[in-house]
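Only the coordinates and a few stated rules stand behind these numbers; no lab work does. This is a predicted model, so every value here is computed, not measured. Cβ: placed from backbone, ideal geometry, glycine included. Neighbour counts: every protein chain shown.
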Amino acid sequence: MSNENLREVEHEITVRAGADEIYRLLAECVNWPRLFPPTVYVDRTEISAEEERIRIWATANGEAKNWTSRRWLKPAERRIDFRQEVSPPPVASMGGGWIIEPLSEGESRVRLLHDYRAIDDDPDSLKWIDEAVDTNSRKELGALKENIERAAVTAREDLMLSFVDTVEIAGSAKDVYEFVNEADRWTERLPHVARVSLQEDTPGLQVLEMDTRTKDGSTHTTKSVRVCFPNEKIVYKQTTLPALMALHTGYWEFVEHDDGVTASSEHTVVINTENIARILGADATVADAKKFVHNALSTNSRATLGHAKDYAEKRS
């Protein structure tokens with residue numbers, strides 16, 4: 001296969017932050033779901049001082065995808081190179097790099113490089129990849145800039161909320177996992193779910209859309225990408241969010257022990273300050289929004305965990 005079939009593209013953005021700080025955030029890939037809109041989950045499977053192997057689950061052109069990559073970390077050069085080991089179709093191969101160049105003490109240029117081929121050099125597939133790379137690169141660079149430059153504001157206003165709800169279940173992890181995994185049956189099993197649509201084109205990688213009832217009887221629509229690890233964990237990221245949230249990630253975890261299962265639901269949320277007054281009233285504060293969101297999410301999580309407990313204990 002000749003080099004003429006290899007596509008090479010570059011995107012860049014200027015960020016008001018030091019180069020070392022930007023490099024650190026890019027190197028800490030487990031935080032990418034909170035940093036980059038397309039990224040759902042990242043798992044480090046092998047780690048050394050200069051090289052690591054990571055599995056990434058993300059969306060591309062609205063479709064859920066996953067792949068495995070090698071990364072080579074070069075802190076002295078402020079550069080991170082990557083190469084996909086297993087690429088999702090229609091990609092035949094893909095690699096690239098992050099390069100951070102200081103422009104001044106408080107400003108840096110971030111360059112994102114990609115090289116890739118399409119399976120069988122198919123022109124329609126190459127066009128699809130072109131669009132996915134361009135869309136995701138722009139989103140990633142824009143999100144990187146926004147997150148870093150707003151970090152001080154976010155920290156000062158304390159916009160992030162994270163909590164865990166837990167229940168003990170006298171049953172098996174397999175049955176508890178089955179209840180949460182089979183979200184397509186939630187309208188039958190969960191009173192607060194009014195409508196659900198579950199798509200799973202790739203086993204263990206789900207797109208879940210549902211309408212959830214609130215206490216006043218109204219409903220709101222959310223959409224999530226879920227990564228499922230059978231009988232152990234389901235990690236998710238919402239791609240369609242309620243008005244009070246700028247970010248929502250979380251996981252369901254099932255830890256089996258001698259007496260049964262410890263089932264947990266974790267939520268991490270960033271409050272969307274632009275909608276606080278519209279949803280909660282002109283005098284509402286960030287603290288009010290956090291309390292409202294915590295209560296709403298915890299109520300639904302505890303209800304789901306309670307029904308999962310009943311389901312698993314009846315089967316044990």
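For Thr214 and His257, a Förster radius of 35 Å and the Cβ-Cβ distance give a FRET efficiency of 0.50, rounded to the nearest 0.05. The distance separating the Cα centre of segment 152-213 from that of segment 107-133 comes to 33 Å. Residues whose amide H falls under 5 Å from that of Gly204, counting only those 5 or more places apart or on a different chain, are absent, with hydrogens built in the peptide plane.
The Rg/Rh ratio for segment 73-208, using Cα coordinates for both the radius of gyration and the Kirkwood hydrodynamic radius, is 1.09. Within the chain, the longest run free of GluC sites (Glu not before Pro) that sit in a DSSP loop with at most 10 other Cβ atoms within 10 Å is 106-316.
How large is Rg over Rh for the chain, taking Rg from the Cα atoms and Rh as the Kirkwood inverse mean of 1/r across Cα pairs? Intermediate values should be presented prior to the final figure.
Values: Rg = 21.2 Å, Rh = 21.4 Å.
We get a ratio of 0.99 for the chain.
Once segment 105-153 is represented by equal point scatterers at the alpha-carbon sites, with solvent omitted, what log10 I(q)/I(0) does the Debye formula produce at q = 0.22, 0.30 Å⁻¹? Values, matching the q order: -0.82, -1.12.
Quick check for me: using +1 on Lys/Arg Cβ and -1 on Asp/Glu Cβ, what's the dipole size of segment 12-54 about its Cα centre, in debye to the nearest 20?
Values: 5 positive and 9 negative charges, 53 e Å.
I would put it at about 260 debye.
If only the Cβ of Lys and Arg carry +1 and only the Cβ of Asp and Glu carry -1, the dipole of the chain around its Cα centre is close to 680 debye.
How big is the Rg/Rh ratio for segment 174-316, C-alpha atoms only, Rh by Kirkwood, two decimals? Expressed as Rg/Rh, it is 0.98. The trypsin sites (Lys or Arg not before Pro) of segment 82-189 that DSSP puts in a loop, and whose beta carbon has at most 15 other beta carbons within 10 Å, are Arg150. Remark: for residue pairs Lys174/Lys233; Lys74/Lys139; Lys233/Lys309; Lys145/Lys291; Lys65/Lys237, the C-alpha separation exceeds 19 Å in Lys74/Lys139; Lys145/Lys291.
Helix-only arithmetic for the chain: the sum of -39500 (n - 2.57) across DSSP H runs with n ≥ 4, divided by the residue total, places the mean residue ellipticity at 222 nm at -9500 deg cm²/dmol.
Of all aspartates and glutamates in the structure, those lying under 18 Å Cα to Cα from Lys290, and not within fewer than 8 positions of it along the same chain, are Glu157, Asp158, Asp165, Glu266, Glu274.
The slack between Trp72 and Thr285, meaning 0.36 nm per residue of separation minus the straight C-alpha distance, is 72.3 nm. Here Ser316 and Glu232 are evaluated by their C-beta separation; at R0 = 25 Å the FRET efficiency comes out at 0.85. Charge dipole of segment 119-238 (Cα centre as origin; +1 on each Lys and Arg Cβ, -1 on each Asp and Glu Cβ, all else neutral): 620 debye, rounded to the nearest 20.
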